[in-house]
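The values are calculated or read from the model by the stated rules, or taken from the named source; none is laboratory data. Just so we're clear, the structure is a prediction, and the values are computed from it rather than from any experiment. Here the Cβ positions follow ideal geometry from the backbone for every residue, glycine too, while neighbour counts run over all protein chains shown.
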């Protein structure tokens, strides 16, 4: 799960709490009422997630996810960080994503994960495209980044397909990916407007 932002100023406005995707799927503002569904999605996919997501090292619990979602809700109200659940047409959690305010003023980071059964379905790409449009539509946001582990080629295909520019590799010293070599992919509002799918 994403780390809380580090005392960055709040954004003037929040993104939409619900974004409709194709096929009846949607992105919905994180809500503790979906904690059990989120824990089930994570636990069904832990081996798939573990190489890239340190938070998957331990099994998820409904109580733990409820705590996380409650914290995410507070950060949303403070316009600090924006966590979504990816939902199937029946309302079950099939992934998570967000616009994370941890890069400094004027920039947000997009993160995402999908349940194993949804991998390869285009869900991550569609969610990232929707979050790119939402993020760059926010006042004061000029740049978006997608970061993934250096060898996570499947995840890197998402920003590549969306026309993000590869910005090189970085090894963070703090946060959830500290010590790992991370790919950085970047887009700006003019670039996105010119290349959006």
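Report, ordered by the first and then the second residue, all pairs with beta carbons closer than 6 Å, sequence separation of six or more or different chains, a first member in the range 37-58 that is on the phi < 0 side of the Ramachandran plot and modelled with pLDDT of 95 or more, and a second member that is in a loop (DSSP other than H, G, I, E, B) and surrounded by fewer than 19 Cβ atoms within 10 Å (Cβ to Cβ).
These pairs meet every condition: 37/92; 39/61; 43/59.
Determine whether residue 2 is surrounded by fewer than 19 Cβ atoms within 10 Å (Cβ to Cβ), over 19 Å from residue 137 (Cα atoms), touching a strand residue (DSSP E or B) at 6+ places or on another chain (Cβ under 9 Å) and modelled with pLDDT under 95.
Judged against the criteria, residue 2 is not a match.
Looking only at the range 127-156, which residues are part of a helix (DSSP H, G or I), in contact (Cβ under 8 Å) with a residue 12 or more places away in the chain and closer than 25 Å to residue 50 by Cα?
127, 128, 129, 131, 154, 155, 156
Answer yes or no: is there a residue in the range 159-168 that is touching a residue at least 60 places away in the same chain (Cβ under 8 Å) and either in a helix (DSSP H, G or I) or surrounded by 22 or more Cβ atoms within 10 Å (Cβ to Cβ) (or both). Outline the logic, then answer.
Initially, the range 159-168 is screened for residues touching a residue at least 60 places away in the same chain (Cβ under 8 Å), giving none.
Looking through the range 159-168, none of the residues is touching a residue at least 60 places away in the same chain (Cβ under 8 Å) and either in a helix (DSSP H, G or I) or surrounded by 22 or more Cβ atoms within 10 Å (Cβ to Cβ) (or both).
Residue by residue through the range 101-110, note down the ones that are surrounded by 24 or more Cβ atoms within 10 Å (Cβ to Cβ) and not in a loop (DSSP other than H, G, I, E, B).
108, 110
Identify the residue in the range 66-94 that is under 18 Å from residue 122 (Cα atoms) and surrounded by 14 or more Cβ atoms within 10 Å (Cβ to Cβ) and, among all such residues, is nearest to the chain's Cα centre (by Cα).
Only one residue tops the list, namely 84.
I'm trying to understand the selection: among the residues of the range 170-186, which are closer than 25 Å to residue 120 by Cβ, without any contact (Cβ under 8 Å) to a residue 40 or more places away in the chain and assigned to a strand (DSSP E or B)?
Those that are closer than 25 Å to residue 120 by Cβ, without any contact (Cβ under 8 Å) to a residue 40 or more places away in the chain and assigned to a strand (DSSP E or B): 182, 183, 184.
Return yes when residue 63 is farther than 25 Å from residue 15 by Cα, free of Cβ contacts under 8 Å to residues at least 60 places away in the same chain and surrounded by fewer than 15 Cβ atoms within 10 Å (Cβ to Cβ) and no when it is not.
It is true that residue 63 is farther than 25 Å from residue 15 by Cα, free of Cβ contacts under 8 Å to residues at least 60 places away in the same chain and surrounded by fewer than 15 Cβ atoms within 10 Å (Cβ to Cβ).
Against the condition touching a strand residue (DSSP E or B) at 6+ places or on another chain (Cβ under 9 Å) and in a loop (DSSP other than H, G, I, E, B), how does residue 76 come out, does it pass?
It is false that residue 76 is touching a strand residue (DSSP E or B) at 6+ places or on another chain (Cβ under 9 Å) and in a loop (DSSP other than H, G, I, E, B).
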